[in-house]
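Undergrad: Following this message is one structure expressed as structure tokens.
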Amino acid sequence: MSEAILLVGGQGTRLRPLTDSMPKPLLPLAGIACTTHQLLKAKAAGVTRVVLATSYLADVFEAQYGAGEELGLELVYAVEKEPLGTGGAIANAGQFLNGNGPVLIFNGDVISNHSLEDQYRVHEESGAIATLHLTPVEDARAYGCVPLDEKGRVTAFLEKMDNPVTNLINAGCYLFDRSVIEGIGLNTVISVEREIFPELVKRHVQGYISNEYWIDLGTPEAFTRASADIISGRAFSPALGQLNLEFLADGADVAPGAAITGGTFLDKGVKIDAGALVHHSVVLADTYVGESAKVENSFVGRGVRIGAGVRLKNVAIGDGVVLSEGVEVPEGARISA
Ligand code: GDD
Ligand code: MG
């Protein structure tokens, strides 16, 4: 498992306006881009070379990571002019692979504590052509539903169905034999979940179940929760070594009498005024939270001004938004400048 493909070309529609100028995978969790957490996890498991399959805001990835020197990985970019879907993205990225052995392929919007080494072992031992990381969830409707036989072999792949046949879902991390990648047509829009897996299961696809921490970062609520979970230690990331927890306080200016609780992340240049409460939230650089304002379970972008006494709950606020004193913001709102 020395090579990987990271799928980071989606538009992040459900995260708007946070994804208007920043691709979803680069939004910060505990102050560090999701992609960095994922790349360092892959590196810790022995991956040395990663092809990033990009499309939406592709340039931003290369600008941030270059050839990967800082992370100690070799990074290559496979850019789709028009998004090719997850299967088309894998085929396109496959052209940039140059090693041997199974390839790790993972969705760019997932944080997971499962063991890549164990998943690899299961792949090798089972002799499958592909091995999928699976995790149990309460409501499987928004995911790929993956039933298994008694030997852990995948019997069907049912993407986003109304009546899931099992609560085991595709957690978005695969090991593929190279022949599978080579078998996908180039320059064709195709979904790995809807078109390729249903065919592959007729051969041999293995399931690797893990009950470890797992989250899909499809919504602002999920991002906020994952960030808090990393800060509070509920979720582990090898990138945490780079996170100077004091920086959370040092980089931000918190007035006496303000309360910062619940694994909140305050980026540099954030100013919190007296009597304000920021709970279980992410607040990006240079944002101001006014006196006695209350921000809960929310993701607040850069350079936002939140007036005195304003109450925010479960909201996503885009960069540069101004919320004056007295403004009422409904729970769950998405606001852009
Ligand atoms: N390069 C490229 N091109 N990447 C893409 C494209 C594309 O056309 N479309 C999606 N992606 C990337 C996204 O950036 C994301 O990292 C990943 O593929 C999955 O896409 P999502 O849009 O986040 O899919 P989802 O969350 O609805 O469902 C997927 O993930 C679930 C688990 O989190 C599926 O794989 C489900 O089966 C799975 O259960
Ligand atoms: Mg997703």
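The values are calculated or read from the model by the stated rules, or taken from the named source; none is laboratory data. Note that the structure is predicted; figures quoted are calculated from it, not measured. In this analysis, Cβ positions are derived from the backbone assuming ideal geometry, glycine residues included, and neighbour counts consider all displayed protein chains. With ligands, DNA and RNA removed, areas are computed over all heavy atoms of the protein, side chains included. Shrake-Rupley method; radii C 1.70, N 1.55, O 1.52, S 1.80 Å.
Undergrad: Between 316, 274, 258, which is under 21 Å from the mean Cα position of the chain (by Cα) and among the aliphatic types (A, V, I, L, M)?
TA: On the way: 274 fails: under 21 Å from the mean Cα position of the chain (by Cα); 258 fails: under 21 Å from the mean Cα position of the chain (by Cα).
When all the criteria are applied, what remains is 316.
Undergrad: Give the residues of the stretch 288-327 that are open to solvent by less than 10 Å² (accessible area, probe 1.4 Å) and more than 15 Å from residue 337 (Cα to Cα), sorted by residue number.
TA: Of everything in the stretch 288-327, those that are open to solvent by less than 10 Å² (accessible area, probe 1.4 Å) and more than 15 Å from residue 337 (Cα to Cα) turn out to be 289, 290, 293, 295, 298, 310, 312.
Undergrad: Under 20 Å from residue 153 (Cβ atoms) and modelled with pLDDT of 95 or more: does that describe residue 130? Before you say what the answer is, go through the steps one by one.
TA: Details: under 20 Å from residue 153 (Cβ atoms): yes; modelled with pLDDT of 95 or more: yes.
Criteria met by residue 130.
Undergrad: Taking the stretch 78-96 as the region of interest, how many residues are away from ligand 2 (no atom under 16 Å from the Cβ) and either open to solvent by less than 30 Å² (accessible area, probe 1.4 Å) or of a type in the set (Val, Ile, Thr) (or both)? So that I can check it myself, show each step before the final result.
TA: First, the residues of the stretch 78-96 that are away from ligand 2 (no atom under 16 Å from the Cβ): 78-82, 84, 88, 91-96.
Checking the rest, the ones that are also either open to solvent by less than 30 Å² (accessible area, probe 1.4 Å) or of a type in the set (Val, Ile, Thr) (or both) come to 78-80, 84, 88, 91-94.
Residues that pass the stated criteria total 9.
Undergrad: Another one. Return the total of residues in the stretch 168-190 being open to solvent by 20 Å² or more (accessible area, probe 1.4 Å) and either more than 12 Å from ligand 1 (Cβ to nearest atom) or under 14 Å from residue 92 (Cβ atoms) (or both).
TA: Filtering the stretch 168-190 down to residues open to solvent by 20 Å² or more (accessible area, probe 1.4 Å) leaves 168, 177-179, 182-183, 185-190.
Okay, now just the ones that are also either more than 12 Å from ligand 1 (Cβ to nearest atom) or under 14 Å from residue 92 (Cβ atoms) (or both), so 177-179, 182-183, 185-190.
Count: 11.
Undergrad: Can you say whether residue 135 is over 24 Å from residue 89 (Cβ atoms), surrounded by 14 or more Cβ atoms within 10 Å (Cβ to Cβ) and modelled with pLDDT of 95 or more, as far as the supplied structure shows? Give the steps one after another, and end with the answer.
TA: On the way: over 24 Å from residue 89 (Cβ atoms): no; surrounded by 14 or more Cβ atoms within 10 Å (Cβ to Cβ): yes; modelled with pLDDT of 95 or more: yes.
Considered against the rule, which asks whether it is over 24 Å from residue 89 (Cβ atoms), surrounded by 14 or more Cβ atoms within 10 Å (Cβ to Cβ) and modelled with pLDDT of 95 or more, residue 135 comes out as no.
Undergrad: Among residues belonging to the stretch 203-224 that are outside any strand (DSSP E or B) and buried (at least 23 other Cβ atoms within 10 Å of the Cβ), point out the one that is farthest from ligand 2 (Cβ to nearest atom).
TA: Keep residues of the stretch 203-224 that are outside any strand (DSSP E or B), which gives 203-204, 210-213, 217-224.
If we keep only those that are buried (at least 23 other Cβ atoms within 10 Å of the Cβ) as well, we get 217, 220, 223-224.
Details: 217: 7, 220: 13, 223: 11, 224: 16 Å.
Out of the qualifying residues, it is 224.
Undergrad: Given 228, 285, which one is open to solvent by less than 40 Å² (accessible area, probe 1.4 Å), at pLDDT 90 or above and assigned to a helix (DSSP H, G or I)?
TA: Numbers: 285 fails: assigned to a helix (DSSP H, G or I).
Checking each option against the conditions leaves just 228.
Undergrad: Let me ask something additional. Tally the residues that are within 27 Å of residue 130 (Cα to Cα) and more than 14 Å from ligand 1 (Cβ to nearest atom), restricting the search to the stretch 1-41. Steps first, please.
TA: Restricting attention to the stretch 1-41, the residues satisfying the condition of being within 27 Å of residue 130 (Cα to Cα) are 1-12, 24-25, 34-41.
Now restrict to residues that are more than 14 Å from ligand 1 (Cβ to nearest atom): 1-3, 36, 40-41.
Residues in the stretch 1-41 being within 27 Å of residue 130 (Cα to Cα) and more than 14 Å from ligand 1 (Cβ to nearest atom): 6 in total.
Undergrad: Condition first: within 22 Å of residue 230 (Cα to Cα) and open to solvent by 40 Å² or more (accessible area, probe 1.4 Å). Now tell me which residues in the stretch 270-282 satisfy that.
TA: 277, 279, 280
Undergrad: Hey, could you check the stretch 15-55 for residues that are surrounded by fewer than 17 Cβ atoms within 10 Å (Cβ to Cβ) and within 25 Å of residue 319 (Cα to Cα) and say which is nearest to ligand 2 (Cβ to nearest atom)?
TA: Top of the filtered list is 16.
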